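Engineer: Below are the structure tokens for one structure; questions will follow.
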Amino acid sequence: METGNPHDTGTAVEPVSPGDGPQWIALPPGLLKLRRLMLVVWLGSLALAAGLVPGLLAGPGWAGFAALPLAVLAWGWVMLERNWRSWQYAERADDLLISRGVLWREETVVPYGRMQLVEVTSGPVERHFGLASVQLHTAAAATDATIPGLVPAEAERLRDRLTELGEARSAGL
């Protein structure tokens, strides 16, 4: 299997002919920034509480409890980047491929003709970072798939393209 540049900015790539390998598209870096911010907010708050409360109540030596959340924060910082780099998707002639996972690689194949609903979602935090997710629904609940952290214009382009291809493929069923 041929892979594209995992550091791609998430720009649109036209699907390739069936004889070629899939042209993989990586997620934009905004998703990594969002996830790292959430990590710092939650674990930074926990480290502050874990160090401040015992430090004030039992003495300054007990403030060392803040080291555990800070160690988890440092480990999570690295793991978030590895996870972000593992996400990619590819549009092929008859289906959409979604690949993800660091230790356990998972590759989902969603045939265009089986798609029932393609939606773009963006919560308040995602909107602040200029991100959106594309969620694909099929008849089988186990094959529902999501592509997180896309630029809204790319998410809308992908939704429109998948909807168009899904309607064309399902008409032949």
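Engineer: I want the local charge near residue 83. Using Cβ-Cβ distances under 13 Å, sum +1 for each Lys or Arg and -1 for each Asp or Glu among the other residues.
Structural biologist: +4
Engineer: Still on this structure, I have one more. Tell me which of 61, 89, 48 sits at the most positive position along the dipole axis of the stretch 36-107, charges placed on C-beta atoms (Lys, Arg +1; Asp, Glu -1).
Structural biologist: 61
Engineer: Hey, got a sec? Which chymotrypsin sites (Phe, Trp or Tyr not before Pro) in the stretch 44-104 land in a DSSP loop and have at most 16 other Cβ atoms within 10 Å?
Structural biologist: Counting only loop positions with at most 16 other Cβ atoms within 10 Å, the chymotrypsin sites (Phe, Trp or Tyr not before Pro) in the stretch 44-104 are 104.
Engineer: Further question: Stretch residue 146-residue 72 to full length: gain in nm at 0.36 nm per residue minus the Cα-Cα span?
Structural biologist: Gain on stretching residue 146 to residue 72: 23.9 nm.
Engineer: Another one. Going by a ≥ b ≥ c, the root eigenvalues of the Cα gyration tensor, does the stretch 63-173 fall in the rounded group (a/c under 1.5), the prolate group (a/b larger than b/c) or the oblate group?
Structural biologist: prolate
Engineer: In whole percent, what relative contact order does the stretch 62-173 give with Cα contacts below 8 Å and a gap of six or more residues?
Structural biologist: Contact order relative to length: 19 percent.
Engineer: For the stretch 50-110, report the accessible area per residue in Å² (1.4 Å probe, heavy atoms, rounded to an integer).
Structural biologist: Accessible surface, normalised per residue, equals 60 Å².
Engineer: Which value, in debye to the nearest 20, gives the size of the charge dipole of the stretch 24-173 about its Cα centre, when Lys and Arg are +1 and Asp and Glu are -1 at the Cβ?
Structural biologist: Charge dipole of the stretch 24-173: 460 debye, to the nearest 20.
Engineer: Show me, for the stretch 153-165, the HN-Hα J-couplings you get by feeding each phi into the Karplus relation (A = 6.51, B = -1.76, C = 1.60, θ = phi - 60°), rounded to Hz, glycine and proline as x.
Structural biologist: 5, 5, 4, 5, 4, 5, 4, 4, 5, 5, 5, 4, 5
The values are calculated or read from the model by the stated rules, or taken from the named source; none is laboratory data. The structure presented is a predicted model; accordingly, all values stated were derived computationally and were not measured. Here Cβ is always computed from backbone atoms with ideal geometry, including for glycine, and neighbour counts include all displayed protein chains. To get the accessible areas, we keep the full protein, side chains included, count just its heavy atoms, and leave off ligands, DNA and RNA. Shrake-Rupley method; radii C 1.70, N 1.55, O 1.52, S 1.80 Å.
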